[in-house]
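**Q** Take this structure, written in structure tokens, and hold onto it; I'll ask about it next.
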Amino acid sequence: MSESSPGKKSISAIKGTKDILPREARAWQQAENIAKNVFELYGYREIRAPVFEATELFEKGTGQTSDIVIKEMYTFTDKGGRSVTLRPEYTPSVVRAIIEHRLYLQPGPLRFYYIGPMFRYDKPQKGRYRQFHQIDIEVFGESDPAIDAEIVEMADYLLQELRISDTETLVNSVGCRKCRPAYIKELRTAAQAVAASLCADCQRKVTTNPLRIFDCKIETCGELARRFPEITAYLCAECDDHFRNFRAYLDLYGIPYRIEPRLVRGIDYYTKTTFEITTVKLGAQNAVVGGGRYDDMMKDFGGPDICGIGFAAGMERLLSVARLEKKPESFVFIAHLGSEAKKVALGIARDLRRQAVECLLEFKERGLKAQLGRASKLQASWSLIIGEEEIKKGQFLLKNMKTGVQREVRLEDIPDLVRTESRQD
RNA sequence: GUGAGUGUAGCUCAACUGGUUAGAGCAUCGGACUGUGGAUCCGAAGGCUGGGGGUUCGAGACCCCUCACUCACCCCA
């Protein structure tokens, strides 16, 4: 168990990572398929980028003052002396790929999705892991606030398809490079005035990033922050207009939301729209979806001046509250009696599999009782019994394990029988 | 990084105020049972009680250290 045990040491999964065992993997596949289907309906296409990138990509993209970059990255030097980082989020990678492959030359707007592992050196707790998985979507080259609303609506639909209820959608605008500085200045002076009453952390934020004071959960800080100026009152005409229209489109879709002027995403690049979808069922880590607009990133990376927007959803969190339907599994267990029957059974198994019928058989020669017991324990839907008589007749016994009814069938009838009858269950 | 809680078989849990060789159920494997399953009965295997140190005649239990897990802070998906 532990590394310090002297004798037999057993190796276990790294802290904050976990194995997804077959039972659970089934649910993952289902959720991934649902997500892919939803995204494709909205015109999104999959893009796959490497799990590790130049460290610089995240320093520039995610931001030097974000906690993710400051203390949560898996960064190491490879054998060529390069500093590389296991991606803590996906957006910078996509932006990099678009610039690198000049994808912006294709007719826009560009819509991408991706599902895969991300890495952050956090202390694990409920809904938070060091290797976790995100569903991520990004849109480039669409500045109309209708897209902001459309991706929220799409996220909403995704949650619906996953049968996740009791969610709340929070929206905000964090302004742009034109209006935010003025607001930050006001905010900073307001914070400075009461700095002595703020917690140590928040006192530091006054100079580094006063927006983050809003995130503080200490009551006294919250009390004080409530009297701070709110960004929504300081938006420039363009940002204000964008925010107003964004909300109008949400209303058009009939999506309920709450304006949360203190909603501050911890990633530096956001501009204008930010949003988050939370659920009460998750404990402290209650955000299942989070995202926003990042109009300057492409330009900042030396690409063309193309705006971007996207969101990420945490797979582990989604799965812990999703109510997926259990898909019935159906397979045929082949029981064989005698060495001749075993040979026949092997061939039949192969033929059935070629016809998309899942089947299983044990190689050990045992009594019929034992084999049916096995089938039953493995929860086979059907058993196919093959003995001397059956081989002679060219007819085999197909037994429905649920009803116990069995009948003589010819080999070529099995695929249809198995499929139609299992659909009726 | 900080704090709290919990560590006994694959899983769920026992073991009195410290007292023989740490038990049970479920699961696993074998047998009863070589042409009809889920049952039943019998049996087997499975543990350095997370690890190390200490107190004691004696520790699964008490003390210290450590590791892991869980939850919360923080941060976020």
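The values are calculated or read from the model by the stated rules, or taken from the named source; none is laboratory data. As the structure is a computational prediction, the values presented were derived from the model and not from experiment. Using ideal geometry, Cβ is built from the backbone for each residue, glycine included, and neighbour counts are taken over all protein chains shown. Ligands, DNA and RNA are excluded from the accessible area calculation, which covers all protein heavy atoms including side chains. Shrake-Rupley method; radii C 1.70, N 1.55, O 1.52, S 1.80 Å.
**Q** Of all residues in the stretch A:56-86, which are open to solvent by less than 60 Å² (accessible area, probe 1.4 Å) and either in contact (Cβ under 8 Å) with a residue 40 or more places away in the chain or among the basic types (K, R) (or both)?
**A** Within the stretch A:56-86, A:G61, A:T62, A:G63, A:S66, A:D67, A:I68, A:E72, A:M73 meet the criteria.
**Q** Looking only at the stretch A:284-324, count how many residues are among the acidic types (D, E) and closer than 18 Å to A:Q134 by Cα.
**A** 1
**Q** Continuing with the same structure: List the number of the failed condition for A:P210; all other conditions in (1) surrounded by fewer than 17 Cβ atoms within 10 Å (Cβ to Cβ); (2) without any contact (Cβ under 8 Å) to a residue 40 or more places away in the chain hold.
**A** (1)
Okay, residues lined up against (1) in contact with a Phe, Trp or Tyr (Cβ under 9 Å, 6 or more places away or on another chain); (2) away from RNA strand B (no atom under 13 Å from the Cβ); (3) not assigned by TED's automatic domain parsing to the domain that holds A:F301:
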position: A:A13; (1), (2), (3): no, no, yes
position: A:E32; (1), (2), (3): no, yes, no
position: A:A35; (1), (2), (3): yes, yes, no
position: A:V51; (1), (2), (3): yes, yes, no
position: A:E100; (1), (2), (3): no, yes, no
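**Q** Now for a different question. Pick from the stretch A:134-159 the residues that are among the acidic types (D, E) and touching a Phe, Trp or Tyr at 6+ places or on another chain (Cβ under 6 Å): which of them is most open to solvent (accessible area, probe 1.4 Å)?
**A** A:E153
**Q** Exactly one of these conditions fails for A:S197: (1) of a type in the set (S, T, N, Q); (2) assigned by TED's automatic domain parsing to the domain that holds A:Y294; (3) touching a residue at least 24 places away in the same chain (Cβ under 8 Å). Give me its number.
**A** (2)
**Q** Search the stretch A:44-55 for residues being in contact (Cβ under 8 Å) with a residue 40 or more places away in the chain, more than 17 Å from A:D156 (Cβ to Cβ) and not in a strand (DSSP E or B), and hand back the single one that is most open to solvent (accessible area, probe 1.4 Å).
**A** Initially, the stretch A:44-55 is screened for residues in contact (Cβ under 8 Å) with a residue 40 or more places away in the chain, giving A:44-51, A:53.
From what is left, the residues that are more than 17 Å from A:D156 (Cβ to Cβ) are A:45-51, A:53.
Now restrict to residues that are not in a strand (DSSP E or B): A:47-51.
Values: A:I47: 27, A:R48: 178, A:A49: 16, A:P50: 68, A:V51: 56 Å².
That would be A:R48.
**Q** In addition: Hey, does the stretch A:309-320 have a residue that's assigned to a strand (DSSP E or B) and over 26 Å from the mean Cα position of the chain (by Cα)?
**A** no
**Q** Separate question: Which ones in the stretch A:16-42 are part of a loop (DSSP other than H, G, I, E, B) and out of contact with any Asp or Glu (no Cβ under 8 Å at 6 or more places or on another chain)?
**A** A:T17, A:K18, A:D19, A:I20, A:L21
**Q** Quick one: which residue in A:I164, A:I151 is over 20 Å from A:E138 (Cβ atoms) and in contact with a strand residue (DSSP E or B) (Cβ under 8 Å, 6 or more places away or on another chain)?
**A** It is A:I164.
**Q** Still on this structure: Please determine whether any residue of the stretch A:322-330 is part of a strand (DSSP E or B), within 14 Å of RNA strand B (Cβ to nearest atom), in contact with a Lys or Arg (Cβ under 8 Å, 6 or more places away or on another chain) and closer than 22 Å to A:V38 by Cβ.
**A** No.
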